[in-house]
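Enquirer: Sharing a structure with you now.
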Amino acid sequence: MNGMPLIPAGVNRCSKRRFAFWMAAVTAVLVWGVYAMFLIWYKGLNQTRMNDAYGFALWIWADLSVIALGGGAFFSGFLTYIVGKDKLANIINFAVIIGFICYSSALLILTIDIGQPLRGWFIFWHANVHSMLTEVAFCLSCYFAVLTIEFIPLILENPRLAKKPFLNHLTHNMHGVMPIFAATGVFLSFFHQGSLGGVAGVLYGRPFAYREHVFIWPWTFFLFTWSAAACGPCFTILGIWLTEKITRKKLVKQDVIRLLAKISGWMIITYIIAKTADTLYWAFVTAPSRGFTLMDFYSSPTYNIGLLFIEIVLCGFVPGLILITRKGRENAFLLMSAVILAVMGVSLNRWVMVLQVMAVPLFSFDDWFTYMPSWQEVATTILPVAYGLIVISLAYRYLPVFPQEQELNPID
Amino acid sequence: MKEKHDYERARRYGMVIDLDKCTGCGACMVGCYMENNVPFKPDETNKLDSINWIRVYKLNNGKPYPETEICYLPMPCMQCDGVDLHGHSPCVSVCPAVATDYDDDTGIVSQIYTRCFGCRYCMAACPYHARKFNWWDPVWPADMKKALSPDVSPRMRGVVEKCSFCFHRYQLARNKAYFENRQNEPLGEDDYQTACAQACPTGTITFGDLNNKAHAVHQLKTSPNAFRLLERLGTNPKVYYLTAKNWVRRQGDNYLTDEEPGKLKQKR
Amino acid sequence: MKINRRNFLTYTTAAALGGAAGTLLTPVPWKLMDDAAIWTQNWPWTPVPEAGPVSYKPSICTLCPGGCGIYVRFSGNRPVKIEGMKEHPVNKGALCPMGLSGLQYLYGPDRVRSPLKREGKRGEGKWKKITWDEALAAVTEKLASLRKLEEPQSVACITGMEGGTLPSLIGRFLTVYGSPNLMRQATAQDAGAQAVFLTQGKQGTPGFDIENADFILSFGSGMLDGWGAPGRMSRLFGARNTAQRFIQIEPRLSDTAASANRWIGINPGTEGALALGLAHIIVKESLYNKHFVETFTFGFNDWNDEAGVAHTGFKALLEGYGPENVSRITGIQEALIKSLAREFAGSSRPIAINGRGKGALPGGMNETLAVHALNALMGNINKTGGLYVIPELTYAKWPDLGMDGIASRGMRQPRCDGAGGDLFPNSRFLLNRVPTLINTTKDGSPVEALLVVDANPMYTLPDTAATRKAFERIPFIVSFSSYMDETASYADYILPDHSPLERYQDVPAPAGMSHQVISLAVPVIKPLYDTRHTGDAFIHMAKALGGFIEEAFPWNGYEAFLEDTLQGHWRILKKKGVVEIIETPAASDRFTFNTASAKYEFYPTARAGTGKRDSDVLPAYAPAILDGDEKTFNLILIPCDSIRMAGDHMASSPFMTKTVDDTVLKKQMTLVEINPATALKLNLEEGGKALLKTPKGKASVLIHLYEGIMPGLIAMPRGLGHTAYSEYLANKGTNINELMGPIEDPASGLDMAWGIRAQLFRV
Ligand SMILES: Nc1nc2c(c(=O)[nH]1)N[C@H]1C(S)=C(S)[C@@H](COP(=O)(O)OP(=O)(O)OC[C@H]3O[C@@H](n4cnc5c(=O)[nH]c(N)nc54)[C@H](O)[C@@H]3O)O[C@H]1N2
Ligand SMILES: Nc1nc2c(c(=O)[nH]1)N[C@H]1C(S)=C(S)[C@@H](COP(=O)(O)OP(=O)(O)OC[C@H]3O[C@@H](n4cnc5c(=O)[nH]c(N)nc54)[C@H](O)[C@@H]3O)O[C@H]1N2
Ligand code: SF4
Ligand code: SF4
Ligand code: SF4
Ligand code: SF4
Ligand code: SF4
Ligand SMILES: [Mo]
C-alpha cells in the first residue's frame, strides 16, 4: 500500500515545494484569523465594533453571503440529480466543495458571532418555532450534514483511500444514494435560504427590512432562495474560472459552463423582476403605511439611492440579460463580467438586508447609525476565505474534482 | 400550548409618561440602575454600548434661537403587545431560544439572562433600541458589590438585557398579597410600582394596569394628548406618552408630509 | 500488518475519528456541553448578591444642602438602595440623581479609608497610612506651635456647607484658638442674605414661597438644574398647577427654561437692568402696592437726611431704566418688557427670584437688590407666595469661652480675606479673594496652616492655576475629606470623615425654603473604614491643646455636642427625624424691619457711609467688567448646570456621569454649546475639535451646535474636569474654573462673575 500515489492518476500537479509554499502563505492568513477568533472567544464581543444599534454587522453579512454563494451546491444538485441535467455532473463535485466550505464557514462564523458560544446549542434545545433563526439553525446544520455526506465519496476517491475495499464499496453505495441526499439537500436549502431571507423580512419593527407576507413567509423568504439559486451557480463558475487561472489549465468544458450560465441567467432575470416588483410594492405601499418615503431610507451619504440602482440594474438586470443571450455567454469577457456582477449583486443584497437595516434611523430625532468593523472582525471574516482556499487546494491536488480534466489536459 | 391571552380581561401593565412634566433630571435612569443592578464602566459616553433600561432622549423643535424648544422623552422598554395584541412583540417572536417571552398574566416581556445566548436578533428586531447587550463582563469596583440588590440577578457578558417593568417587584407584591390572603384580589396601584416611576421627582411617570379601571393609567391613556412611539409599525406598545405639543408628537412617529399625528387612527 | 510511519498516521487518524464518533454515542459530550453552559450561567466573577430580610431606615440625604428625607433599603445588614421619604416636608419623596446614587459614595473607590500622611511631593499621590492618634497628634502639634509663635491667626479653615452645627463647632474651635479665618465659598444664598440684611436689617436667608406664588419670575435661577433644594424644586414643578405661570429669563435654553411656561433670552449679566426696567414700568403705570410702599418702605421717593442733605430715592433711580434703554441693554424687545412687567404686577402673588443656575456664584449685590426690590414693590414680603426671611437658628447657649491674650489678639487681627473690614463691612467671608491675597504677599504666606473640611477649593475656586499657586505657598494643609478629591490629594494629612450615611448631621432649612425645617441625618450603617467624624476630630484636638481650649469643649464627642446643642429639638429629631417650624408672622410683625428707618429700605442705608454717593447706595445697574479684551476674545463663555452633574458639593457619582448625554461629554472631552450661526462664522462643526481660550487659560473641547444658546455665547458645563477621584470621574473634560476668574463685586467683595471673554479656534 505504501507507494500508492496520493495524487489522482492521469493528472499533473505542481511540485511539493511549490504547493507547500502556497499552503504556508494561506495558512498564515488562516492563523491570523484563528488568533482573532480566539481573542473574541476569550475576551468577548467587545473585541468588535458592533454596538447596541448595530447588533448584526459584518459577520451576519458574511454569513448570509457565503450561504447565498454556496447556493450553487444545492441548485446544481437539483439540476443534476432531479432535473436530470447530466452535463452538470462535471461540475457537481466542485459545487459540493464550494457549498461545504461556505456552510462550514457559516456555522463557524455563527459560533463566533454569539455572545455565549458555550450556550449556542440552546437554539436547538430551547427552540422557538416562531423564530426564523431557529429555522435557519436547524436547516443549516442539517444541510451541512448533507453536504458532508455528499463530500465524503469524493474524498474516498483519493487513489490511496480508494484502494481499500471497504471504502471503495462505501463510495460506490454512497454514489448510489446520492440523488436522495441531493433531494434532501435541495429541500433543506430551499427552506434555510428562505428563512435567512425571513430573518430580516419578518422584522416588522424595521420598516426598511419588513416585507408583506405570503402565508407565514415574508416575500424576502422567496427572494432569498431565488437569488441564491440564481447567483450561487455564478459563484461556482467564478470558482472554476479562478482555479483554471491559477492552475493554468482548462478544467471544465465550455458547454458545461455555458449551460450553467444560461440557467443562471434565466434565474437572475426572473428573480430581479420579482425583486423589482417587491421593491415597488414596499416603496409605494408598505413603507408609506408606516410614514416613510422611499428616500427616507436612502438619505445618508453611504446609503444613498445609488445602492438600489447598483443592486437591481447593474448587478441584476445587466448580468441577467448578458447570460440569457447566447452572444453574452459565448464572449468570455462578457460572461465573466456578468458572473462577477451577479456575485456582487447577491452579496450587496445581503449587505443591504443586514447592515442598512441597522443603519436606518427610526426616530426623526435619531441620526443614521454608523459602524466600522474592528480588525478582529475583518480577520475572522477573512479566515473562511483562507480556509476555503486550503480546502480547494487540497481537494484539487488530491481528489478527482474535475472529471473532464484528464480529457482536457492529456499527459503526453 | 400557551393559553390565548385575553386582551381585554387580563392584567396589562403599562405606563403613561407625561412629557410636559418631564424635566430631564435623569432620576428615573439612576433609580433604575440602582434597583436593577445595572452595570457601569469608567467611560459611558458611547451611548450605543451604555446599558440603560430607560434612556431619556432630548428632542428639540429645530427652530433657531430664541424660538428653540426642547422636550425630554424617557424611553423604557415599550412592553409591546405585538401585532394583533397576541404577545408576538417584535423581539419575542424572533428569539430563537425563547430567552425572552411575553407573560400572559401581566403583558410584560421578560428576559432570561441564563437562557440568552447572545445572538442579538431581538436587538435587531426592536425598533426602540430598548435592548442592551453586555459587551463586557460587568465590574463593580471597590466595595460597590455590596450595594447590589438580591432581587435582580447581575448579568454576565454576552447576553441581552432590558427593562423588565421591575418584574421582581410584581413578584414581591404577589407574594405579599398571598401572605396577606389577598391573592384573589387584583393588586392595588401602590402594591406594585416600578422603580423609575417611584424615583421620578415630578410625577411624570404613572404606572399601573391599563385594564384596571381603578388604576390611573386606565383613564390617562385615553387622553386626546396620548400617543405611543412608532405606533404605526404595529408594535402596540404599553407605554403611552402625553403631550400638548404637536411638534413632540410628530417626532414620536413617522409621518408623510400631508399626514397629521392623531388623525390617522381610523386608517389602521 | 507492519507498522510504519505512514500507516501509523492512517490508523491513529482512523482510531481518533472512530473514537470521536463512538464518544458521541455516550453521554459524555452531551454532559460536557451542558456543564459548559451551566458554567457560563454561574461564572464565579459574576456576583450573586446575598439575600437578607428587607428593612428600611429613615435618614436625611446630606450629599447636597438640599436636605431631602430618605429611606435606606437594606438587604440584611447591607444598604442596597436609597428611596425618597414621602412624608418629609422638603422633598415629599422626590430625590435627585445624586441622592438616588448615594450608595455609590458610600462604597465607592474614591473613599479615603484611613488617615494618611503625605510621602512624596505634594499632589504626587504617595501616602503612608497612619493611625488616628498619629494624625491628630501631628495636626495638634502644628496648631500648638503656631500658637506658641503667637500667630494663631495664620491658621485658616475652609468649610463646605454652612448649614448645621459642625461649622459652628469648628468656628468655636477657631475662635478659642485665636483665628478669625473661618471661610466658606459664597453662593447666591450669601448675596441673598446680604440683600435681606441691607433691606430688612435681618440676619437670615431669603426664602421663596414658590409653592403658593402664582407668577414665578426667575432671573436665571436654575430651578430644575440644582437651585436651592433640588428635591423640593423638582417636586414643586411636578405638582405645579396650571394656574401658575413660570417665566425663565436667561441667555441659554437650560432644562429649567425648557420646562418653564415661557423662556426669555437675555444678554448675559444684564438681569439687574431688566429688574429695574420692570420696576420702571410698574412704577410708571402705578401698578405697585401703594399701601405697602407708602407705609412700610423707606427711600422710595427722594428724601432729606437729618442734616438736610437731599438724596435720590429708588423711584428717581428708575427713571434711567425706561424700556428703550433696558431693551438696548438686555436685548429684550420693549413690548415684551412692558407686557412682562404688567403680567408680573397683575398677578396676585408674583415672586421674583435670582441666583444663576444652581446658585453657585453669588452674583452682583445690585442685581440681587434690584430683584428683591421687585418683590417689595408688590408688597410680597413675609406673606404667602412671597419672600420670607428665614432667621438664623439660635441654638442653645454653649459655655462661655475663656480666652488668653494670644487668642484674643489673634481674633482681633484682620481676616485674611478682608471680609468684615472697612472695604466689605457687610460680607462675612470672601474666600474668592484669598488666592490673590496669598499670591500678592511678598514673602511667606498669611496662611501658615489650612484646615479643609467638607470643601474642595482646589477644584471649586475660580482660576484654578492661581488657586494652586496660592496653595503651594501654604506650608501645612490638612483635609478632612471622606473622598480623595483634588484638595485632599494635595494635602499633607488627610483625616477622613465618615461618609454621610455613617454619621450624624443636623440639616437646617435648605436654600430657598420658605420656612424653617430642621432635619437630622443619622448613621444608618457602622463606618465601613477607619474614619472618624470631623466633629470628634476637632473635639479631640481641642482636648489635646488643653487649658481653656479644652474647657470650651466639655462634650465627650460630637453626638453629645449635637444633643446639647439641639436641646429641645434633639428628642423630636431622634424620634421623627425632622422638626418643621412654620412661623407665619403675625400681621403686625410682618412688616417690622430692623433697619435704621425701621422700614423696608429701597435705599439701603447700611451701605451708605462717608464718601458714598446715592448712586453707590441704590442698586443701579453697572455691567460687570469681564476679563479680557473684546477684540481678541470675541465670544463670551458662561457656565451651565445640569441636575445630572454635581457642580460643587461632592462630585458626580458613576451613575450620575452615566446619565450625562454624549452632547455634553464624549470620551474624555467636554462639549461646549454654541449657536449654529456663530459656529458657521467660526467654521466650526458639530463634534469637531476646538481650542477654547480665555484670559485665564485654555482647553481642548469638542463643539456641540445648540440652537438654544444666544449667538456669540459659549456654554460649558460645570462639574467636569476633575483631576482627582477614581477613573469613573477623573480626567473627564475640563473644569470651567480653569478658564474663569473671579470678579470682585465692588459693593460686597463677593464674586460677581457670570462669565468670561473667550475665543474658539477650530483645530
Ligand atoms: N444635584 C446637585 N444639586 C445641588 C448641588 C450639587 O452639587 N448637586 N449644589 C447645591 C449648591 S452648593 C448650591 S449653591 C445650589 C444652588 O445653586 P444656583 O444658584 O442655582 O447656580 P449657578 O451655578 O450659578 O448657574 C449657572 C446657570 O446660570 C446661567 N447663566 C450663566 N450666565 C448667565 C447670565 O448672564 N444670565 C442668566 N440669566 N443666566 C446665566 C447658565 O445658563 C446656568 O444655567 O445648588 C445645590 N444643589
Ligand atoms: N466647578 C465648579 N466650581 C464651583 C461650583 C460649581 O458648581 N462648579 N460651585 C461653587 C459653589 S456654589 C460652591 S458652594 C462651592 C463649593 O465648594 P466646596 O465647598 O469646595 O464644595 P465641594 O466641591 O462640594 O467640596 C466638598 C468636598 O468635601 C468632601 N466631602 C464630602 N463629604 C464630606 C464629609 O462628609 N466630610 C468631609 N470632611 N469632607 C467631605 C468631598 O471630597 C468634596 O470634594 O464651589 C463653587 N465653585
Ligand atoms: S420595546 Fe423592544 S424590547 Fe421591548 S417589547 Fe417592544 S420590541 Fe421588545
Ligand atoms: S440575544 Fe438572547 S434574547 Fe435576544 S434573540 Fe438572541 S437568545 Fe434571544
Ligand atoms: S420599569 Fe423598572 S426596569 Fe423598567 S425602566 Fe423603569 S425602573 Fe427600569
Ligand atoms: S425622573 Fe421624571 S422628570 Fe426626571 S427625567 Fe425621568 S421622567 Fe423625566
Ligand atoms: S437634592 Fe440634595 S439632598 Fe436631595 S437627594 Fe439630591 S443630593 Fe440629596
Ligand atoms: Mo453652593
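The values are calculated or read from the model by the stated rules, or taken from the named source; none is laboratory data. Just so it is clear, the model here is predicted, and its values are computed rather than measured. Note: ideal-geometry Cβ built from the backbone for every residue, glycine included; neighbour counts use all protein chains shown. Remember, those area values only see protein heavy atoms, side chains included, never the ligands or the DNA or RNA. Shrake-Rupley method; radii C 1.70, N 1.55, O 1.52, S 1.80 Å.
Enquirer: Within segment C:315-345, whose backbone N sits under 17 Å from a point 7 Å along Cα→Cβ of B:Lys63?
Expert: C:333, C:336, by backbone N distance to the label point.
Enquirer: Here's another thing I want to ask about it. Cβ under 14 Å from A:Val96's Cβ, A:Val96 left aside: what net charge do those residues give with Lys, Arg +1 and Asp, Glu -1?
Expert: -2
Enquirer: Then there's this: Around C:Ala316, under 14 Å between beta carbons, what's the net of Lys plus Arg minus Asp minus Glu among the other residues?
Expert: Local charge sum for C:Ala316: 0.
Enquirer: Rounded if a/c is under 1.5, else prolate if a/b beats b/c, else oblate: with a ≥ b ≥ c from the C-alpha gyration tensor eigenvalues square-rooted, which is segment B:13-252?
Expert: Taking the square roots of the gyration eigenvalues as a ≥ b ≥ c, segment B:13-252 is rounded.
Enquirer: Any idea what the relative contact order of segment C:416-557 is, in percent, if you count C-alpha pairs under 8 Å spaced at least 6 apart?
Expert: Contact order relative to length: 14 percent.
Enquirer: Sorted by accessible area (1.4 Å probe), largest first, how do C:Arg111, B:Arg55 line up?
Expert: Descending order: B:Arg55, C:Arg111.
Enquirer: Here's another thing I want to ask about it. Compute the orientation-averaged projected area for segment C:408-567 from the convex hull of its Cα atoms and round it to one decimal in nm².
Expert: With the hull built on Cα positions only, its mean projection is 12.2 nm².
Enquirer: Moving to a separate point now. State the number of lysine pairs found in segment A:16-408 whose Cα atoms come within less than 16 Å, restricting to pairs 8 or more positions apart or on distinct chains.
Expert: Summing the qualifying lysine pairs gives 7.
Enquirer: Here's another thing I want to ask about it. For every other residue with a beta carbon closer than 14 angstrom to the beta carbon of C:Thr131, add +1 if it is Lys or Arg and -1 if Asp or Glu, then tell me the sum.
Expert: My count for the surroundings of C:Thr131 gives +2.
Enquirer: As a test, work out the antiparallel percent of DSSP beta bridges whose residues both lie in segment B:13-252, rounded to the nearest 5.
Expert: The antiparallel fraction comes to roughly 75 percent.
Enquirer: What aspartates and glutamates sit close enough to C:Lys121 to cross-link, taking a C-alpha to C-alpha distance under 17 Å and skipping anything fewer than 8 places away on the same chain?
Expert: C:Glu472, C:Asp485, C:Glu486, C:Asp492
Enquirer: Same structure, new question: Set the Förster distance to 56 Å, then compute FRET efficiency between C:Asp404 and B:Asn46 from the Cβ-Cβ distance, nearest 0.05.
Expert: 0.35
Enquirer: Can you tell me how much longer the chain between C:Ala622 and C:Leu437 gets when fully stretched, taken as 0.36 nm per residue apart minus their C-alpha distance, in nm with one decimal?
Expert: Here the segment from C:Ala622 to C:Leu437 would lengthen by 64.1 nm.
Enquirer: Further question on the same structure: Take peptide A:353-364, look around each residue's Cβ out to 10 angstrom, count Cβ atoms belonging to other protein chains, and average those counts.
Expert: 3
Enquirer: For segment B:52-143, what mean projected area does the convex hull of the alpha carbons give, in nm²?
Expert: 9.8
Enquirer: Let a ≥ b ≥ c be the square roots of the eigenvalues of the Cα gyration tensor of segment B:108-185; is it rounded (a/c under 1.5), or, if not, prolate (a/b larger than b/c) or oblate?
Expert: Here segment B:108-185 falls in the oblate category.
Enquirer: Okay, moving on. Mind checking B:59-65 for the average number of partner chain beta-carbons within 10 Å of each residue's beta-carbon?
Expert: For this peptide, the per-residue mean of nearby foreign Cβ atoms is 5.
Enquirer: Then there's this: Express in whole angstrom the spacing between the alpha-carbon centres of segment A:87-152 and segment B:93-157.
Expert: Each part's Cα centre sits 27 Å from the other's.
Enquirer: Rank A:Thr225, A:Trp41, A:Gly388 by how far each Cα sits towards the positive end of the charge dipole of segment A:16-408 (+1 on Lys, Arg Cβ; -1 on Asp, Glu Cβ) and give me just the farthest.
Expert: Of A:Thr225, A:Trp41, A:Gly388, it is A:Gly388.
Enquirer: Right, next: R0 = 51 Å: FRET efficiency of C:Lys631 with C:Asp589, Cβ-based, nearest 0.05?
Expert: 0.35
Enquirer: With a cut-off of at most 16 other beta carbons within 10 Å, and DSSP calling the residue loop, which chymotrypsin sites (Phe, Trp or Tyr not before Pro) in segment C:27-81 qualify? Please list them.
Expert: Hits after loop and neighbour filter: C:Trp45.
Enquirer: Using the Karplus equation 6.51 cos²θ - 1.76 cosθ + 1.60 (θ = phi - 60°), what ³J(HN,Hα) coupling, rounded to whole Hz, does each residue of segment C:302-308 give in order, writing x for Gly and Pro?
Expert: 5, 8, 10, 7, 4, 7, x
Enquirer: Please give the FRET efficiency for C:Val54 paired with B:Asp105, using the beta carbon to beta carbon distance and R0 = 25 Å, rounded to the nearest 0.05.
Expert: The value I calculate is 0.60.
Enquirer: Ignoring ligands and nucleic acids, what accessible area does A:Ser337 show with a 1.4 Å probe (Å², nearest 10)?
Expert: For A:Ser337, the solvent-accessible surface is approximately 30 Å².
Enquirer: Can you give me the angle between helix C:334-346 and the longest principal axis of chain C, using Cα atoms only, in degrees from 0 to 90, rounded to the nearest 10?
Expert: Relative to chain C, helix C:334-346 is tipped by roughly 80 degrees.
Enquirer: Can you give me the Rg/Rh ratio for segment C:305-408, using Cα atoms for both radii and the Kirkwood formula for Rh?
Expert: Value, to two decimals: 1.16.
Enquirer: Amide H neighbours of C:Tyr56 under 5 Å, at least 5 residues apart or on other chains, H built in the peptide plane: list them.
Expert: Under 5 Å from the amide H of C:Tyr56: C:Phe74.
Enquirer: Now a separate question. Ordering A:Trp219, A:Trp121, A:Trp59 from largest to smallest accessible area (1.4 angstrom probe), what's the sequence?
Expert: Accessible-area ranking of A:Trp219, A:Trp121, A:Trp59, largest first: A:Trp219, A:Trp121, A:Trp59.
Enquirer: Moving to a separate point now. Students often forget the sequence filter, so: which aspartates and glutamates lie under 12 Å Cα-Cα from B:Lys146 once same-chain residues fewer than 8 apart are removed?
Expert: C:Glu50
Enquirer: A further question follows. If eta is 0.692 mPa s and T is 37 °C, what Stokes-Einstein diffusion coefficient results for chain A, Kirkwood Rh from Cα pairs, in µm²/s?
Expert: The calculation lands on 147 µm²/s.
Enquirer: Just the Cα atoms of chain C: what Rg and Dmax do they give in Å?
Expert: 29.8, 136
Enquirer: For chain A, calculate the relative contact order in percent as a whole number, restricting contacts to Cα pairs under 8 Å that are 6 or more residues apart.
Expert: Rounded, it is 29 percent for chain A.
Enquirer: How much of the DSSP beta bridge set in chain C is antiparallel, as a percent to the nearest 5?
Expert: So the antiparallel bridges amount to about 55 percent of the total.
Enquirer: Under 1.5 on a/c is rounded, so check that first for segment C:635-762, then, if it is not, pick prolate when a/b is larger than b/c and oblate when it is not; a ≥ b ≥ c are the square roots of the alpha carbon gyration tensor eigenvalues.
Expert: It is oblate, given that a/c is not under 1.5 and a/b is not larger than b/c.
Enquirer: Of the candidates B:Cys126, B:Cys163, B:Cys80, which one comes out as most mobile in a Gaussian network treatment of chain B with C-alpha springs shorter than 10 Å?
Expert: Comparing B:Cys126, B:Cys163, B:Cys80 in a Gaussian network model of chain B, the most mobile one is B:Cys126.
Enquirer: Still on this structure, please answer the following. Output the Cα-based Rg and Dmax of segment A:104-204 in Å, rounding Rg to one decimal and Dmax to a whole number.
Expert: Gyration radius and largest Cα-Cα distance of segment A:104-204: 17.1, 57 Å.
Enquirer: Moving on. List, in the order given, every pair from C:Lys142/C:Lys442; B:Lys47/C:Lys732; B:Lys41/B:Lys132 whose Cα-Cα distance in the structure shown is over 21 Å.
Expert: C:Lys142/C:Lys442
Enquirer: So, one more: When the gyration tensor of the protein assembly as shown is built from Cα positions, what are the square roots of 5 times its three eigenvalues, in whole Å, from largest to smallest?
Expert: The equivalent ellipsoid of the protein assembly as shown has semi-axes of 72, 35, 30 Å.
Enquirer: Hey, any idea what % of the protein assembly as shown's accessible area is carbon plus sulfur with a 1.4 Å probe?
Expert: 59
Enquirer: Percent of Cα-Cα pairs more than 30 Å apart in segment C:210-385, please.
Expert: Percentage above 30 Å: 16.
Enquirer: Show which lysines lie in cross-link reach of C:Lys631 when reach means a straight Cα distance below 25 angstrom and same-chain residues fewer than eight apart are skipped.
Expert: Partners found: C:Lys681, C:Lys689, C:Lys693, C:Lys696, C:Lys698.
Enquirer: Antiparallel DSSP bridges in the protein assembly as shown: what percent, to the nearest 5?
Expert: Within the protein assembly as shown, antiparallel bridges account for around 60 percent of the total.
Enquirer: Can I ask one more? Excluding the sites themselves, what is the longest stretch of chain C that contains no GluC sites (Glu not before Pro) in a DSSP loop with at most 15 other C-beta atoms within 10 Å?
Expert: Maximal segment without exposed cleavage sites: C:393-582.
Enquirer: By accessible area of protein heavy atoms, probe 1.4 Å, what ranking do C:Phe591, A:Phe75 get, highest first?
Expert: Sorted by accessible area, descending: C:Phe591, A:Phe75.
Enquirer: Short version: ³J(HN,Hα) in whole Hz for each residue of segment C:166-177, in order, from phi by Karplus 6.51 cos²θ - 1.76 cosθ + 1.60 (θ = phi - 60°), x for Gly and Pro, what are they?
Expert: Rounded to whole hertz, the list is 4, x, 5, 5, 5, x, 4, 4, 5, 4, 6, 6.
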